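Okay, structure first, notes after.
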Amino acid sequence: MLTLTTLASGSSGNCALVSDGNTHVLIDAGISARRITTALKALGIAPQSLSGVLVTHEHTDHISGLATLTKQLDMPLYASGGTARAMGRKLPLPEGRVRTFRPGETFSIGALEVETFPTPHDAAESTGYAISAGGRKAAVVTDLGYVTAAVEQGIRGAHLLLAEANYEPEWLQCGPYPAYVKARIQGERGHLSNRAGAELACLGAEAGAATVVLAHLSRENNTPQRAYDIVRGALERRGAVIGQDVRLEVAPRDCTGTTYTV
């Protein structure tokens, strides 16, 4: 059995739990350590039983809880070499706690197999993850400007895909952000729009994903309903029946979401 639960998913903080029932890992820790440990306890998981944190990149909304969490819990952090160096300049992390890899490498944490792949984002060495156990696979792909061949390969065969649908382009353009921020978000090292996220969702579904969860929605430039409608339309135009061929949902921004059995 493999499960995935988002503890937060949005521009203000990101954290997800992946577990096979015995080995529990977080993907990112971009909310407070208190929120993380409280959520874990509510899910029936002792924080001390965590086997590690997989870090996608060093932006604050993905690592803000790490410094306190690593003081409280004796567990390793896993990050690409570039992310580890950038993270070390931002956070006081315990000596020798970070285990590095090159995106594209695969390693194990307990019974979990962790595949890594590079993602195009304005960070030092951003990484996506696909985690497998018991013949089941979940892929987490957020914070990327466009879908690369490496991303397509990384999500292939995933039964569950957590996919970014960050913004609606028209809303972004009409919104209050400065021009340089708008350009960054829409750039090739920025974020996926709803339509680009829909394409990622379609690729995932066509490659085997029975569940697609939309994630990392902007509070200012998107809504859960807008993201859902755009992605649902794209899937249906490809011939998918929502609720039958593909389960489509949106992860909540600021609270623990559904626990999905992959």
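Of all residues in the range 229-252, those being in contact with a Ser or Thr (Cβ under 6 Å, 6 or more places away or on another chain) and open to solvent by 20 Å² or more (accessible area, probe 1.4 Å) number 1. For G128, the requirement of being in contact (Cβ under 8 Å) with a residue 40 or more places away in the chain and of a type outside the set (S, T, Y) is met. Selection of first residues in the range 200-225 that are among the acidic types (D, E) and of second residues that are in a helix (DSSP H, G or I), restricted to Cβ pairs under 9 Å at least 6 apart or on distinct chains, gives the following pairs, ordered by first then second residue: E220/W171; E220/L172. Restricting A39, A16 to residues that are assigned to a helix (DSSP H, G or I), out of contact with any His (no Cβ under 9 Å at 6 or more places or on another chain) and small (G, A, S) narrows the list to A39. Selection of the range 7-29 for residues being among the polar types (S, T, N, Q) and either without any contact (Cβ under 8 Å) to a residue 40 or more places away in the chain or surrounded by fewer than 24 Cβ atoms within 10 Å (Cβ to Cβ) (or both) yields S11, S12, S19, N22, T23. So which residues in the range 152-176 are farther than 26 Å from L17 by Cβ and open to solvent by less than 60 Å² (accessible area, probe 1.4 Å)? The answer is E168, P169, L172, G175.
Kindly check whether there is at least one residue in the range 179-201 that is under 30 Å from T38 (Cα atoms) and either open to solvent by 40 Å² or more (accessible area, probe 1.4 Å) or modelled with pLDDT of 95 or more (or both). There is at least one residue in the range 179-201 that is under 30 Å from T38 (Cα atoms) and either open to solvent by 40 Å² or more (accessible area, probe 1.4 Å) or modelled with pLDDT of 95 or more (or both). For the range 62-101, the set of residues classified as assigned to a helix (DSSP H, G or I), open to solvent by less than 60 Å² (accessible area, probe 1.4 Å) and either within 24 Å of G10 (Cα to Cα) or modelled with pLDDT under 95 (or both) consists of H62, I63, L66, A67, L69, T70, G82, T83, A84, A86, M87, G88, listed by residue number.
When the residues of the range 206-228 are filtered to those that are in a loop (DSSP other than H, G, I, E, B) and open to solvent by 10 Å² or more (accessible area, probe 1.4 Å), the one that is nearest to C255 (Cα to Cα) is R219. Screening the candidates L50, L4 for the property of being in contact with a His (Cβ under 6 Å, 6 or more places away or on another chain), open to solvent by less than 20 Å² (accessible area, probe 1.4 Å), on the phi < 0 side of the Ramachandran plot and touching a residue at least 24 places away in the same chain (Cβ under 8 Å) yields one hit, L50.
The values are calculated or read from the model by the stated rules, or taken from the named source; none is laboratory data. Bear in mind the structure is a predicted one, so any value in this text is a computation, not a measurement. Here the Cβ is made from the backbone with ideal geometry for all residues, glycine too, and neighbour counts use every protein chain on show. Ligands, DNA and RNA are excluded from the accessible area calculation, which covers all protein heavy atoms including side chains. Shrake-Rupley method; radii C 1.70, N 1.55, O 1.52, S 1.80 Å.
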